[in-house]
Amino acid sequence: MARLWKWPFRLPELAFVTKTVTATPRAGRLRWYAPWRAVWPIPGGLVNAVELTNPGKTEFERRYTRRINAARVPVFVSIAPDNPDQAEWMTESLVKEMPRIGIELNLSCPNVSHEGDAVERTCRVFEAVAKVMPERSAIVKLGWSDDFIGICRQLDGAPGLAAFHLINAVPYRDLNASPGPFDMDGAVSGRPITFFARSALSLCRITGFKTPIISGGAVMDAREAKVRFDMGADAVGLGSVVLRYPWRVRGIVRAVANG
């Protein structure tokens, strides 16, 4: 969920981003009957080892097309394709079923391994999405572990690119020397990654990228949202606060809308 800068988006102040969808069903680790096996609260945030649990594109379309098409606010469908061909296929199908959506390209999940050069891979996948919807809004979501400066430099100002969204959750091992709550490192979101999120935003602003930046990660209250705008963010993304402190969301949105 984000306050979106109006000029490139032509959208109202608020938009929703779906949970990430993959081409085929992905079991991951999240189970409704035992969520603690994949998500664990820590002071001010969460550790997750979900691994992109989702029903896959086809089932996602069956379940949510009607609801998304009826939405009164803009919706971006987050996708995690394996390659450019898959990205093009997923985008074509989703846009056909949901003509008003935007796409958020999420290739930065720290719980999922990726092969090859990250900059080249991300650029090629984005180009496949932009080929399908050159006049629409596409967001590229990046993580702290990515070469986000290199990716932003390559894609900055590209046709069809609406914004960079950073950062995704930070690998648990980057914050802690002790073992995490799961049998894998997992990823941390919420207040513990404040330094990483602010640093990524600052680095992008110093570099001078022209593309709007959605600053996500650790925006847990209205005060932090204001800090991000003061640092040069064009929008803020709300994630962990929706799960951890849902009663705060309305206040953050109101505070942002009122400037």
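Read the figures in this text as sums done on the coordinates, not as results from a lab. Just so it is clear, the model here is predicted, and its values are computed rather than measured. Cβ: placed from backbone, ideal geometry, glycine included. Neighbour counts: every protein chain shown.
For the chain, give me the percentage of DSSP beta bridges that are antiparallel, rounded to the nearest 5 percent.
Working: 14 of 35 bridges.
Once the DSSP bridges in the chain are tallied, antiparallel ones form about 40 percent.
Describe numerically, in nm with one decimal, the distance between label points set 7 Å from Cα along Cα→Cβ at T18 and at W36.
It is 3.2 nm.
Note down the nm distance, to one decimal, between modelled labels 7 Å out along Cα→Cβ at I149 and at R223.
For the pair I149/R223, the computed spacing is 3.0 nm.
Within the chain, what is the longest stretch that has no GluC sites (Glu not before Pro) placed in a DSSP loop and near at most 16 other beta-carbon atoms within 10 Å? Please list the in-between numbers first.
Values: sites that count: E13, E115, E135.
Maximal segment without exposed cleavage sites: 136-259.
How large is the convex hull of the C-alpha atoms of the range 105-259 per residue, in Å³?
Convex hull volume per residue, Cα atoms: 124 Å³.
Sort K131, K141, K96 by Cβ crowding within 10 Å, fewest neighbours at the top.
Numbers: K131 15, K141 26, K96 11.
Listing K131, K141, K96 from fewest to most nearby Cβ atoms yields K96, K131, K141.
Decide, for the range 180-259, between rounded, prolate and oblate: order the square roots of the alpha carbon gyration tensor eigenvalues as a ≥ b ≥ c, take rounded if a/c falls under 1.5, and otherwise choose prolate if a/b is larger than b/c, else oblate. List each step's numbers first, then the result.
Working: a/c = 2.60, a/b = 1.18, b/c = 2.21.
Oblate.
Taking the number of other C-beta atoms within 10 Å as the exposure measure, put F76, F229, F60 in order starting with the fewest. Mind dumping the intermediate values first?
On the way: F76 25, F229 15, F60 22.
By the 10 Å Cβ count, ascending, the order reads F229, F60, F76.
Count charges around A130 for me, please; just the other residues with Cβ under 12 Å from its Cβ, Lys/Arg as +1, Asp/Glu as -1. Working shown, then result.
Details: positive: R124, K131, R136; negative: E88, E127, E135.
Net of charged neighbours comes to 0.
In the range 49-81, which residues have a backbone nitrogen under 16 Å from the label point lying 7 Å from R100's Cα in the Cα-to-Cβ direction?
Correct set: 64-77.
Grab the other residues whose beta carbon is less than 13 angstrom from that of P179, score K and R as +1, D and E as -1, and report the net.
Values: positive: R173; negative: D183, D185.
Residues near P179 contribute -1 overall.
According to a simple spin-label model (label point 7 Å from Cα along Cα-to-Cβ), what is the distance in nm between R254 and D82?
Here the modelled spin labels are 4.8 nm apart.
Rank the residues I149, I214, I101, I206 as a footprinting-exposure proxy: fewest other Cβ atoms within 10 Å of their Cβ go first. All intermediate terms of the calculation are to be shown ahead of the outcome.
Details: I149 16, I214 26, I101 22, I206 10.
Neighbour counts put them in this order, fewest first: I206, I149, I101, I214.
Which shape class applies to the range 164-223: rounded if a/c is under 1.5, otherwise prolate when a/b exceeds b/c and oblate if not, where a ≥ b ≥ c are the square roots of the Cα gyration tensor eigenvalues?
prolate
Quick one: grab the alpha carbon gyration tensor of the range 85-190, order the square roots of its eigenvalues as a ≥ b ≥ c, and give me rounded if a/c is under 1.5, else prolate or oblate depending on whether a/b is larger than b/c. Write down the numbers at each step before the final one.
Details: a/c = 2.35, a/b = 1.89, b/c = 1.25.
Because a/c hits 1.5 or more and a/b exceeds b/c, the range 85-190 counts as prolate.
Whole-Hz Karplus ³J(HN,Hα) for the range 73-89, in order, using 6.51 cos²θ - 1.76 cosθ + 1.60 and θ = phi - 60°, x for Gly and Pro?
My calculation for the range 73-89 gives 10, x, 10, 10, 8, 7, 10, 10, x, 7, 7, x, 4, 5, 4, 5, 4 Hz in order.
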